[in-house]
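Input: a single structure, listed below in structure tokens.
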Amino acid sequence: MRLIRSLIERLEPYVPGEQPKDPGLVKLNTNENPYPPSPRVIDAVKDAVDARLRLYPNPTAAVLRDKLARYHGCRPENIIVGNGSDELLALAVRCFVEPVPERCLPEDRRGEYTVQFPSPCYSLYSILARIHGALVNEVPLDEDFGLPGVEKLLAGGRWNTNAALTFITTPNAPSGRAYSKADLENICAAQAGVVWLDEAYVDFGAETGLDLALSYPNVIVSRTFSKAFSLCFQRIGYCIGPEKLIGALQKIRDSYSVNGLGQVAAEATLEDLEYYYGCFERINETRESVSEQLTAMGFDVLPSKANFILVRPPCPPAGEWLGLLRRKKILVRWFDKPRVRDYLRVSIGSCEEMEQFMNAVREIISET
Ligand SMILES: *Cc1c(COP(=O)(O)O)cnc(C)c1O
């Protein structure tokens, strides 16, 4: 007898960026924040490490949801907290999308089984859809990674306004390209199914679709404490949306998926936002200055509103740059996939790290 479902046997899993053992590497490969959490956050976590570790954490992250509700001007019922926003993305697929039936798929109801997204985008969406046994409808972004308008999407003949779930990474990853709220709203208004705006990087300067999540019955925005708030390690993400959709997600979430120290850290983060605004400013300034320097050196740099940039290096090809940079102790990300194969994704590190990166780039150019 087969022990593992054939769908799982065939599955290509998500490949996370490398977490190297060598501490000497400059790590610009996973979009982590180069600046530590605020000292008050670190103190709050330390203070919470005592005999209370034996207790289960608050199952609904009630205190954190109250604080988030105040921060975003909504009700706690509009918010669900997850073990990173990745958990919530997985819940969304299970909550809103029918797995394809074993026998015949009714053509006129294709949408109910469909997870849709403009791509390139966060590569986890398609993997989550495949795990669930859903249909995947991947529709290309414009040549410059812009979001096609609704008319163009429909004219292309592949976009499905009845897709059960549509993910949009905004600002886009891996390009960093930002989309306007108006363009996002047009898509939300056209969709009959759920539209999920993944705003993992929105704090670095892009427009938010939060208003849409609080006014449309079918729109959800997801956020994370990982990238902007330097808490990858703690795994705290959340989403905001209509009470009905959020309630449905709560029903299927594991009761204790969100660990207690993570909740403490996120609560303390919201008490010290000024610290983080300072970090965003520094990262955005570094991003603009590095982009300018790379452009002057012959790189094609896509405009970014995130804490990373997607750049097409001059000769040799991007795949070779990956190894050349690594030999100089710089770790960046290269995706061996259509449309992005010629590019490197470079996370924005501290000023010092980016200086090391720029020095390595200069050396490689002079050596080749
Ligand atoms: C990093 C990332 C996430 C996941 O964030 P976690 O909250 O750490 O799970 C989600 N979406 C995008 C686009 C990301 O880059």
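Observations, loosely collected:
- All positions within region 228-263 that are assigned to a helix (DSSP H, G or I), open to solvent by 60 Å² or more (accessible area, probe 1.4 Å) and within 14 Å of the ligand (Cβ to nearest atom): Phe233
- Single unsatisfied condition, Arg326 versus (1) open to solvent by 50 Å² or more (accessible area, probe 1.4 Å); (2) within 22 Å of Asn83 (Cβ to Cβ); (3) in a helix (DSSP H, G or I): (2)
- Each residue in region 14-26 was checked for being out of contact with any Lys or Arg (no Cβ under 7 Å at 6 or more places or on another chain), under 19 Å from Gly84 (Cβ atoms) and not β-branched (Val, Ile, Thr), and 4 pass.
- Of Ala48, Ala69, all but one fail to be open to solvent by less than 40 Å² (accessible area, probe 1.4 Å) and closer than 24 Å to Asp203 by Cα; the exception is Ala69.
- Selection within region 97-112 - surrounded by fewer than 22 Cβ atoms within 10 Å (Cβ to Cβ) and touching a residue at least 40 places away in the same chain (Cβ under 8 Å): Glu98, Arg110, Gly111, Glu112
- Considering residues of region 4-14 that are open to solvent by less than 100 Å² (accessible area, probe 1.4 Å) and without any contact (Cβ under 8 Å) to a residue 12 or more places away in the chain only, the residue nearest to the ligand (Cβ to nearest atom): Ile4
- Hits in region 334-362 (condition: in a helix (DSSP H, G or I) and open to solvent by 80 Å² or more (accessible area, probe 1.4 Å)): Glu352, Glu355, Gln356, Arg362
- Residue that is modelled with the lowest pLDDT [pool: residues in region 3-35 that are in a loop (DSSP other than H, G, I, E, B) and among the polar types (S, T, N, Q)]: Gln19
- When Ala178 is tested against (1) open to solvent by 10 Å² or more (accessible area, probe 1.4 Å); (2) at pLDDT 95 or above; (3) more than 25 Å from Leu64 (Cβ to Cβ); (4) more than 15 Å from the ligand (Cβ to nearest atom), exactly one condition is not met: (4).
The values are calculated or read from the model by the stated rules, or taken from the named source; none is laboratory data. Only a predicted model underlies this, so the values are computations on that prediction, with no experimental measurement involved. Here Cβ is always computed from backbone atoms with ideal geometry, including for glycine, and neighbour counts include all displayed protein chains. All accessible areas refer to the heavy atoms of the entire protein, side chains included, with ligands and DNA or RNA removed. Shrake-Rupley method; radii C 1.70, N 1.55, O 1.52, S 1.80 Å.
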